[in-house]
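A.B. asks: Sending over a structure as C-alpha cells; questions will come in a sec.
The values are calculated or read from the model by the stated rules, or taken from the named source; none is laboratory data. Worth saying up front: this structure is predicted, and the values here are computed from it rather than measured. Virtual Cβ from ideal backbone geometry, glycine too; neighbours counted across all protein chains shown.
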Amino acid sequence: MAVELSHYLLLSAVLFGIGTLGVLTRKNLIIILMSVELMLNAVNLTFISLARHAADQEAQVIVFFVLCVAAAEVAVGLAILISIWRKRGTMNVDALSALRG
Amino acid sequence: MNLNDVMGVLPELIVILTALIAIIVDVAARERNASASQGVTVLGLLVAGVVAIASPAETAMLMSGQVFNDGFASWFRALFCAIGAMTAVFSLVYLKHRNIRLGEYYSLLAMCVFGMMVMGSAANLLLFFVGLETMSISLYVLVGLRRDDSGSVEGSLKYLVLGAFSSAFLLYGMALIYGGIGSLEYVVIGDALRDSTGIGPMTVTGIGLLLVGFAFKISAVPFHFWSPDVYEGAPTTITAFMSTGAKAAAFVGLIRVFGIALAETNEHWVGVLTVLSIVTMTLGNVSALRQTSVKRMLAYSSIAHAGYLLVGIVAGSKAAFAASGFYLIGYALMNLGAFGVLILLNQRGKGDYSIDSLRGMGTVHPVLGLTMAIFMLSLIGIPPTAGFFGKLFVFSAAIERGHLLLAIIGLLNSAVAAYYYLRVISTMYMAKPEGDVAITEPMGYKVALVISSILIIVLGMFPDQLVAALLKAVP
Amino acid sequence: MGLETVLFLLLAVGAVLTALLVVTTPSPIGSALYLVGTMFCLAGLYVLLAAPFLAAIQVMVYAGAIIVLLLFVIMLLNLRRIEETVPRIWRIAGLFIAGLTLLALFVAIVRGSSVLPDMPAVPDGFGKVKALGEILFGKYLFAFEATSVLLLAAMIGAVTLVRKTGGEGRDGR
Amino acid sequence: MVEKLHWIPSIGAEWHLGVDGISLFLLVLTTLLTVLCLLASWHTIHERVQEYHFFFLLLEAGMIGVFAALDLFVFYVMWEVMLVPMFFLIGVWGGQRRLYATIKFFLFTMAGSVLMLAGILYMYFHTVDPETGRNTFNLLLATSQSNYAIDVQRWLFLAFGLAFAIKVPLFPLHTWLPDAHTEAPTAGSVILAGVLLKMGTYGFLRFCLPMFPQATLEFVPWISWLSLIGITYGALVAMVQKDMKKLVAYSSVAHLGFVMLGTFALNQQGLTGSLLQQINHGISTGALFLLVGVVYERRHTRIIADYGGVAKVMPVYAALFMIVALSSIGLPITNGFVGEFLILMGAFASNKLYGVIATSGVILAAVYLLWMYQRVFYGQIVHEENSKLRDITLFEAAPILVLIVLAIWIGVYPDPILARMEPSLQLLLEKFQQGEFSQLQGVLPR
C-alpha cells in the first residue's frame, strides 16, 4: 500500500474533528484554546499535503501565515485569561455566566 | 512592487502610521494634553479616508494581483476610516470616566481599521484572512479593555474563543477550495468555476465551511449567540464600532467571495443563505423586542440588520451589491449615531443603558433628542432617511431577481422592528425626565452627531448620486 | 509496505492518539504536553511531505514558543485540575456536531481526491527556504506586511491586557 | 395640472404630481381642515408650540403628497412620511393613554404599508417607460400597463388593499382607530378623521379599482360585507360609548363603511356618492371633533355622563352641535344626505340586499348621535361645574361655522362639485369595464 493524498487529508479531517470536539465539550478555557490550535494544525496539514501533491509551494507559504495567526491568537487569548483570572479566580466557561443571552 | 503599488495602498499606510503615532504621542504628551492621541487618530483616519476616496480607482490590481484597487475598495476603505474616526470622536467622553489607557486604545482602533481595509480590498482569500485576523485580534483586546468590569473581559474571551473557532472553519474551507481549484485568488476561483472544472465535492464542502465561518463573523442565526454578550460587555464605543465597521468588513468579504467569486456555484448555497437571512432577521427582531437595555436592544437589532443585508447577497446582482453598499453606509451613520447619543447621555452612569434612563431626554437635550429621533426613524426605515433607501434598494434588488417572498418577509420584519425603535423615541419625547440629567456635551462630539443626522436626511432625499457611484464601482 | 508507509502510519496514529488525549485529559498540563506530542508527529509528517523547513518552524514555533507560553501561564496561575462538570446533553451535542463535521469532510475528501492526479516527483529545492522566501516576499509581500501589523496588534494588545493599572479589582495591589 | 421633475433617475422615480377630479376636493379638504385645525388649537396648545406647528405642516405636506402623487414611489414616501408627524402629534400632545395609542397607530399603518411597498416594487418591475425603455414608478403608465394575470392581480390587490383597509379602517382592522382618535389632541382627531382615513378610500379608488379590475370584481362581496358589518358594528358600538370622542370615532367606522360600500358598488352613483361622502365625512366629523374639543377645554372630561343640561348654559353651542349632528346623520339639505343617498342608490343598483342593510345603518346613525345629544344637552344640570360653563366664543365658533356653511352648501347645491368629480370617475369606470369585459371574454393578456 502506498500513501496517497487522501490518507493525509483524512488524517487532517480526523484531527480537525477532534479539535472541534474539544472546543465543544470542554469547559476549561486553556484546553479550549489548545483544541483550536489542533484545528489550525489540521488545516496546516491539509495545505502541506496539497502542496506536495500539486508540487505547488504556495500552499506551504500559506502555512506560515496560519502559524503567525495561531501564535497571535494564543498570545492574546492567554492575556485575556490572565486578566480574567485576576478578576475572578476561575478558568471555567461555566463560571462565566454573568452574561446571559 | 513599484511606486504604483505603494500609492495604491497609501490609505492603508497612513492608517498604520496613525496607529504608531497615536501610541507614541500618548506617551510623549499625556501630561500636557490627554486628548492628543485622539486628535491624531481622528485626523489620521480622516486623511486616509479622503485619500482613499480621492485616489483614482482603476480596476487594475496591485501587489502582484493580491489587492483590488477598484472603486468598491475605495468606497469601503473610506467608510472604514470614517467609522474609525467617528468612534474615536465618541471615545474621549466615554474613556474619561473609565480606567482605559488612551494610547493603546486609539492605536488598536487604527490597526483594526487597517484590518478592515485589507478585508475590503483583498483579492485573495489568504490576504482576506490576514485582514480579518488583524481586525479580530485588535477587537478581542478592545472588547476586553474595561478591565474593572467582568462583563468586558468575559465578552472578550467569549469573542476570542468563538472567533478563533470560526476562523478555523474559514481556514479549513479555504484549504478545501484550494484543494479543489488550486488557488485562493478570487479571480482564478471565479474563472475555474465558470469553466466548471472546479466544482467537485471538495470545493462544495469548502464553500460550506466557508459559509459557516462567515455566518459566525456576521453573527447570523444560529451562529449569533456570541454577539449580544460581546456587544454588551464591550466598551460602548467599541460596540458601536463593531456593529458597523466589523459588520461592513465581513459583508464586503461576503460580496467579493460569495457574490462574485463563487457566483457560479450559487445553486449550492443560495437556499442556505435565504434560510439564514430569514431566520437571522426574524430572531434578531423578536429578541430585540424583549430587551430593556438600549445597548442590548441595539445589539440584537444589529443581528436583524445582518439578516436584511444577507438579502442583498442572496439577490446577487450588481444592483444588489450597490444596494448593500448603500445600506452599510447608511447603517454606519445611523447606528454609530445612535450609540453616540447613548454614550453621551449615559456618560456617568455605570453601564446603565436601560430605556428608562432616556426618559424625557428629548426635551432636556433638544439637539441630542432630535438626532436620536432621526437615527431611530432611519433604523426603522421611514422615508426620507438613508435607512429607508438602504432597505428599498436591497429589497427591490431581491424582487428583481425573483426572491419576492424573501423581500416580503424582510419588509414585514422591518414593521416588527418599528416597535422597539419607536419605544426609544416615545420614551425620549413623551415621558417626564427623572433625576439629575446634566451632562457635558463637547462641541466636536455634537458636531459629529449633527453631521451624521444631516447626512442621513440628505441621503434620504437625494440618494441618487451615491447609489449611482456605487453602481459604477461594483466590480 | 515501504518505509514511507510505515512512518506515515506511525506518525498518523501518534498524532490522532495524542490529539485525543489533548481533548480528554482533565489536567491542563497534561493536555499541553500531549499537544507537544501532536506537534512533533505533525512535524514528522511535514518532512514526509517534502516540507522540511515548515517542519522545523513547526517545532520551533509550537513546541518552542506556543506550548512554552501555555505552560508558563498554567504554572503562573497555578492551574492543576479543574472541576469540569459538563452537562451530558452538551457533551452529546458536541460529539454529534463534531461527528457530523467529520463525516462531511470524509465524504468530500474520499470523493474529491479521487479526481486529483497522483503525487508527482518532488522538484529540486521544493519546500526549502529559498523557494519559499521568493514566494513570501514576492507574491505575498502585502500579506506579509499585513501580518506584521497583526503581530504588532497582538503584542500591544497582550501587554495592555495584562499590565497592572492600579485600578480597582483583584489586581489593584 | 401636472408637475414633473427627475428625482432618483437611477431607479426611475420622478417627482411627479398632479390633480384630477378625484383628488381635487380631497386636496381642498386637506388644506382647509389644516388651517381650521391650526386656528382651533390657537388657545389649546400651550407647550412646545413650535414643534406642534412643525409637525402639523409636515403632516399637511405628507397628505397633499399622497393625494397629488402621480408616481408610485412618491405616493409611498408621502404615505410613510405622514406617519411620523402623526406619531408625535398623538404621542406628545395627546391624552392619558397616548403612548399606547400612538404606537398602535404607527405599527398598524406600518404593517400594512410594507406589504404595499412589496406590491409597488413588483409593479415597478412590470412597468416600462416607453421613452427610456427602463422600469418606472410612473402611476399613469403603471395603470395603463396593468394587465396582470388574475392570480397576480389577487396578490397585488391584497397587498395594496390591506394597507388601504387598515387606513380606512375596514372592519376588523379598525381597532387602532378608537384609541388614536380618543388620545389625539382635538386638531389631531380632526385631521385623522377628516383626511387620514380618506387616504385609504382614495387608495382603493386610485389603485385597486383601475389596476386590478378582475381581482376587484372577485373581492366585491368580501369588501361589501365587511363594509356592512362595519356600518352596523360601528353604529352599535358607538351607541354604548360613554366617551364622546370614542363615540364619534366609532361613528367614523360606520361612515367609512358607507364610503367603501359605495366604492365597491362599482357604478357611477356609488362612486360619486362615496367620493362626495369622503368630503362630507371630513366636514361633519371634523366639526364634531372640534365641538367636542370646545367643551373638553372647559371641563377636561369627555364622559357623556359628566354633562347634561348644557343647552341651558351654552345655547349657541347647542345649536351648532345640532346642525353638525344632523349633517352627520344625513338629514336632507345637509351634505350627508346627498352622499348617503347616492351611495344607497349605487348599492341598490349593484345588490338589493346591500342596500337594505345599509339603509338600516342610516337609522342607527340617527339613534346614537341624537341619544348622545339628548344626554349632553337636555335634562337637568346635575354637575355643579356645568352651570357656569361659558358659551362658545366667536373664535372657537369660526372654524365650525365655516364647516357648517360648506355642509349646507353641498347639501343644497352639490352640482359644481359633482360635475368636477364625474369625468374622472367616468374614466376610471371605463378602464374598469374594459377589465371586466376582458374577463368575460376569457382573454387574459400576460
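A.B. asks: Limited to the range D:6-23, what total is found for residues that are more than 14 Å from every other protein chain (Cβ to nearest Cβ) and either closer than 16 Å to D:V77 by Cβ or out of contact with any Ser or Thr (no Cβ under 8 Å at 6 or more places or on another chain) (or both)? Give the derivation first.
C.D. replies: Residues of the range D:6-23 that are more than 14 Å from every other protein chain (Cβ to nearest Cβ), as a first pass: D:16-23.
Next cut, either closer than 16 Å to D:V77 by Cβ or out of contact with any Ser or Thr (no Cβ under 8 Å at 6 or more places or on another chain) (or both) only: D:16-19, D:23.
Going through the range D:6-23 one residue at a time, the tally reaches 5.
A.B. asks: Out of the range D:354-412, which residues are of a type in the set (D, E, K, R) and in contact with a helix residue (DSSP H, G or I) (Cβ under 8 Å, 6 or more places away or on another chain)? Explain how you work it out, then say what you get.
C.D. replies: Step one: of the range D:354-412, the residues of a type in the set (D, E, K, R) are D:375, D:384-385, D:388, D:390-391, D:396.
Residues satisfying the conditions are D:R375, D:E385, D:K388, D:R390, D:D391, D:E396.
A.B. asks: Which residue, of D:I333, D:I363, is surrounded by fewer than 15 Cβ atoms within 10 Å (Cβ to Cβ) and either touching a strand residue (DSSP E or B) at 6+ places or on another chain (Cβ under 8 Å) or at positive phi (or both)?
C.D. replies: After ruling out the rest, the residue left standing is D:I333.
A.B. asks: Somewhere in the range B:164-172, is a residue touching a residue at least 24 places away in the same chain (Cβ under 8 Å), in contact with a strand residue (DSSP E or B) (Cβ under 9 Å, 6 or more places away or on another chain) and either more than 10 Å from chain C (Cβ to nearest Cβ) or not aromatic (F, W, Y) (or both)?
C.D. replies: Looking through the range B:164-172, none of the residues is touching a residue at least 24 places away in the same chain (Cβ under 8 Å), in contact with a strand residue (DSSP E or B) (Cβ under 9 Å, 6 or more places away or on another chain) and either more than 10 Å from chain C (Cβ to nearest Cβ) or not aromatic (F, W, Y) (or both).
A.B. asks: Now for a separate question. Identify, please: which residue in the range B:431-457 is without any contact (Cβ under 8 Å) to a residue 40 or more places away in the chain and either within 14 Å of chain D (Cβ to nearest Cβ) or in a loop (DSSP other than H, G, I, E, B) (or both) and is, among those, nearest to the chain's Cα centre (by Cα)?
C.D. replies: Across the range B:431-457, the extreme among qualifying residues is B:A438.
A.B. asks: Also, quick follow-up: Only one residue in B:V204, B:V161 is facing chain C (nearest Cβ under 9 Å) and surrounded by fewer than 24 Cβ atoms within 10 Å (Cβ to Cβ), so which one is that?
C.D. replies: The conditions single out B:V204.
A.B. asks: So, one more: Pick from the range D:117-129 the residues that are closer than 19 Å to D:P210 by Cβ and in a loop (DSSP other than H, G, I, E, B): which of them is modelled with the lowest pLDDT?
C.D. replies: D:D129
A.B. asks: While we're on this one: Looking only at the range D:88-98, decide whether some residue is among the aromatic types (F, W, Y) and either within 11 Å of another protein chain (Cβ to nearest Cβ) or farther than 20 Å from D:D20 by Cβ (or both).
C.D. replies: yes
A.B. asks: How many residues are hydrophobic (A, V, I, L, M, F, W, C) and facing another protein chain (nearest Cβ under 7 Å) if we restrict to the range C:5-34?
C.D. replies: Pass one, the range C:5-34, residues hydrophobic (A, V, I, L, M, F, W, C): C:6-13, C:15-17, C:19-23, C:29, C:32-33.
Then keep just the ones that are facing another protein chain (nearest Cβ under 7 Å); that gives C:8, C:12, C:15-16, C:19-20, C:22-23, C:32.
Going through the range C:5-34 one residue at a time, the tally reaches 9.
Table: residues versus (1) more than 9 Å from chain D (Cβ to nearest Cβ); (2) under 22 Å from D:F55 (Cα atoms).
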| residue | (1), (2) |
| --- | --- |
| B:R359 | yes, yes |
| B:T363 | no, yes |
| B:G369 | yes, yes |
| B:F375 | yes, yes |
| B:G387 | yes, yes |
| B:L404 | no, no |
| B:A417 | yes, no |
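A.B. asks: Being crowded, with 19+ Cβ neighbours inside 10 Å, of a type in the set (V, I, T), at negative phi and in contact with a Pro (Cβ under 9 Å, 6 or more places away or on another chain): is that true of D:V324 here?
C.D. replies: In short, no.
A.B. asks: Do you know which residues across the range A:29-62 are assigned to a helix (DSSP H, G or I) and polar (S, T, N, Q)?
C.D. replies: Filtering the range A:29-62 down to residues assigned to a helix (DSSP H, G or I) leaves A:29-54, A:58-62.
Once the filter is applied, which keeps residues that are assigned to a helix (DSSP H, G or I) and polar (S, T, N, Q), the range A:29-62 yields A:S35, A:N41, A:N44, A:T46, A:S49, A:Q60.
A.B. asks: Follow-up. Just need a number here: residues in the range B:314-332 that are of a type in the set (A, V, I, L, M) and farther than 14 Å from B:W75 by Cβ.
C.D. replies: Counting residues in the range B:314-332 that are of a type in the set (A, V, I, L, M) and farther than 14 Å from B:W75 by Cβ gives 4.
A.B. asks: On the basis of being in contact with an Asp or Glu (Cβ under 8 Å, 6 or more places away or on another chain), under 22 Å from B:A417 (Cα atoms) and surrounded by 24 or more Cβ atoms within 10 Å (Cβ to Cβ), does D:T102 make the cut?
C.D. replies: Taking the combined requirement at face value, the residue satisfies it.
A.B. asks: For A:M39, which of the numbered conditions (1) at the interface with chain C (Cβ under 7 Å from one of its Cβ atoms); (2) crowded, with 24+ Cβ neighbours inside 10 Å fails to hold?
C.D. replies: (1)
A.B. asks: Among the residues of the range B:215-231, how many are part of a helix (DSSP H, G or I) and surrounded by fewer than 24 Cβ atoms within 10 Å (Cβ to Cβ)? It would help to see each step written out before you state the result.
C.D. replies: First, the residues of the range B:215-231 that are part of a helix (DSSP H, G or I): B:215-217, B:226-231.
So of that shortlist, the ones also surrounded by fewer than 24 Cβ atoms within 10 Å (Cβ to Cβ) come out as B:216, B:226, B:229.
So the answer is 3.
A.B. asks: Does A:L21 qualify as being at pLDDT below 90, crowded, with 24+ Cβ neighbours inside 10 Å and either within 7 Å of chain C (Cβ to nearest Cβ) or in contact with a strand residue (DSSP E or B) (Cβ under 8 Å, 6 or more places away or on another chain) (or both)?
C.D. replies: yes
A.B. asks: Which numbered condition trips up D:K352, out of (1) touching a residue at least 12 places away in the same chain (Cβ under 8 Å); (2) more than 17 Å from the chain's Cα centre (by Cα)?
C.D. replies: (1)
A.B. asks: Just give me the residues in the range B:302-322 being surrounded by fewer than 23 Cβ atoms within 10 Å (Cβ to Cβ) and polar (S, T, N, Q), in sequence order.
C.D. replies: B:S317
A.B. asks: I need the full set of residues from the range A:26-82 which are over 24 Å from C:I29 (Cβ atoms) and touching a residue at least 60 places away in the same chain (Cβ under 8 Å), in order please.
C.D. replies: none
A.B. asks: Also, I was wondering about something else. When you go through (1) of a type in the set (V, I, T); (2) outside any loop (DSSP other than H, G, I, E, B); (3) at pLDDT below 85; (4) over 18 Å from D:H255 (Cα atoms) one by one for D:V316, which number turns out not to apply?
C.D. replies: With (1) of a type in the set (V, I, T); (2) outside any loop (DSSP other than H, G, I, E, B); (3) at pLDDT below 85; (4) over 18 Å from D:H255 (Cα atoms) applied to D:V316, the lone miss is (3).
A.B. asks: Suppose the filter is under 19 Å from the mean Cα position of the chain (by Cα), over 30 Å from B:G360 (Cβ atoms) and in a helix (DSSP H, G or I); does D:F106 pass it? Write out each step before concluding.
C.D. replies: Working: under 19 Å from the mean Cα position of the chain (by Cα): yes; over 30 Å from B:G360 (Cβ atoms): no; in a helix (DSSP H, G or I): yes.
For D:F106, the condition - under 19 Å from the mean Cα position of the chain (by Cα), over 30 Å from B:G360 (Cβ atoms) and in a helix (DSSP H, G or I) - is not met.
A.B. asks: In the range B:384-429, how many residues are assigned to a helix (DSSP H, G or I), of a type outside the set (G, A, S), under 19 Å from the mean Cα position of the chain (by Cα) and closer than 14 Å to B:A373 by Cα?
C.D. replies: Number of matching residues: 0.
A.B. asks: Anything in the range B:271-292 that is surrounded by 18 or more Cβ atoms within 10 Å (Cβ to Cβ) and either of a type outside the set (S, T, Y) or within 19 Å of B:S324 (Cβ to Cβ) (or both)? List them, or say none.
C.D. replies: The answer is B:L273, B:T274, B:L276, B:S277, B:I278, B:T280, B:M281, B:L283, B:G284, B:N285, B:A288, B:Q291.
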